[in-house]
Amino acid sequence: MPYDVTVEKQTPCGMLLLKGGRTAQDRFAEVLGIDIPHIPNTVTVHDTYSVLWLGPEEWLLILPETDEYRIASELSHDAAGGWGVAIIVSDHYSVITIRGSETAEVLQQACGIDIHPQEFSVGQCCRCAFARTTAIVRPLDSQDTYELIVESSYARYAEHWLFRAMGA
């Protein structure tokens, strides 16, 4: 019997990989008008921008595709005074949304992390192993909706894997 889950590939969005020390982080926050997460595996959201913590000096900025080049230019220029860089990576990644009452059961087949809502909830993210590849997993709401950010070359594989795991 198939799981109560739907999978859909999202429309393209802009993505920038931000890297930088403390001076660059402060400048990123100033230019974006959003706090840069300092706590591991957390997300900050403001309007149409989301910043996901990936490492001590590494974040993924998700933004509207129309803002991508302008923001990348502003961040790279402004970070020049300190150690920092903004790299456009939107072609490198694909975003898959998975939702439904049994989403956790499907994801647990592929992820080695505890995705129970008491342990992994809105405002958190995790880059982890996912079905023999890697993904950034992010809960989007308390209604069992998750975002999977996978390398574009593995997007079709990840979708097929999810459909098989769902019993579809």
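Below is a table of values for the structure above.
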{"read-out": "Residue identified as under 19 Å from ILE149 (Cβ atoms) and surrounded by fewer than 18 Cβ atoms within 10 Å (Cβ to Cβ) among PRO117, PRO12", "value": "PRO12"}
{"read-out": "Qualifying positions in the stretch 46-68 - among the aliphatic types (A, V, I, L, M) and closer than 15 Å to CYS13 by Cα", "value": "VAL51, LEU52, LEU60, LEU61, ILE62, LEU63"}
{"read-out": "Residue selected from the stretch 95-105 under the condition outside any loop (DSSP other than H, G, I, E, B) and closer than 24 Å to PRO12 by Cβ, by the criterion most open to solvent (accessible area, probe 1.4 Å)", "value": "ARG99"}
{"read-out": "Among (1) modelled with pLDDT under 95; (2) farther than 17 Å from ILE88 by Cβ; (3) among the hydrophobic types (A, V, I, L, M, F, W, C); (4) crowded, with 18+ Cβ neighbours inside 10 Å, the one test that ALA24 misses", "value": "(2)"}
{"read-out": "Answer from VAL43, VAL85, VAL31 - the residue that is aliphatic (A, V, I, L, M), out of contact with any helix residue (DSSP H, G or I) (no Cβ under 7 Å at 6 or more places or on another chain) and either closer than 24 Å to GLN10 by Cβ or open to solvent by less than 70 Å² (accessible area, probe 1.4 Å) (or both)", "value": "VAL43"}
{"read-out": "Residues of the stretch 124-135 satisfying the condition of being small (Gly, Ala, Ser) and open to solvent by 30 Å² or more (accessible area, probe 1.4 Å)", "value": "ALA129"}
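Residue-wise test of (1) in contact with an Asp or Glu (Cβ under 7 Å, 6 or more places away or on another chain); (2) part of a strand (DSSP E or B); (3) more than 19 Å from LEU148 (Cβ to Cβ).
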residue: THR23; (1), (2), (3): no, no, yes
residue: VAL31; (1), (2), (3): yes, no, yes
residue: ASP35; (1), (2), (3): no, no, yes
residue: HIS38; (1), (2), (3): no, no, yes
residue: THR44; (1), (2), (3): yes, yes, yes
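Residue-wise test of (1) in a loop (DSSP other than H, G, I, E, B); (2) surrounded by fewer than 19 Cβ atoms within 10 Å (Cβ to Cβ); (3) modelled with pLDDT of 95 or more.
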site: VAL137; (1), (2), (3): no, no, yes
site: VAL150; (1), (2), (3): no, no, yes
site: TYR154; (1), (2), (3): no, yes, yes
site: ARG164; (1), (2), (3): no, yes, no
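The values are calculated or read from the model by the stated rules, or taken from the named source; none is laboratory data. All of these numbers come straight from a predicted model, not from anything done at the bench. Positions of Cβ are backbone-derived with ideal geometry, glycine not excepted, and every protein chain shown enters the neighbour counts. Heavy atoms of the whole protein, side chains included, go into the accessibility calculation; ligands, DNA and RNA do not. Shrake-Rupley method; radii C 1.70, N 1.55, O 1.52, S 1.80 Å.
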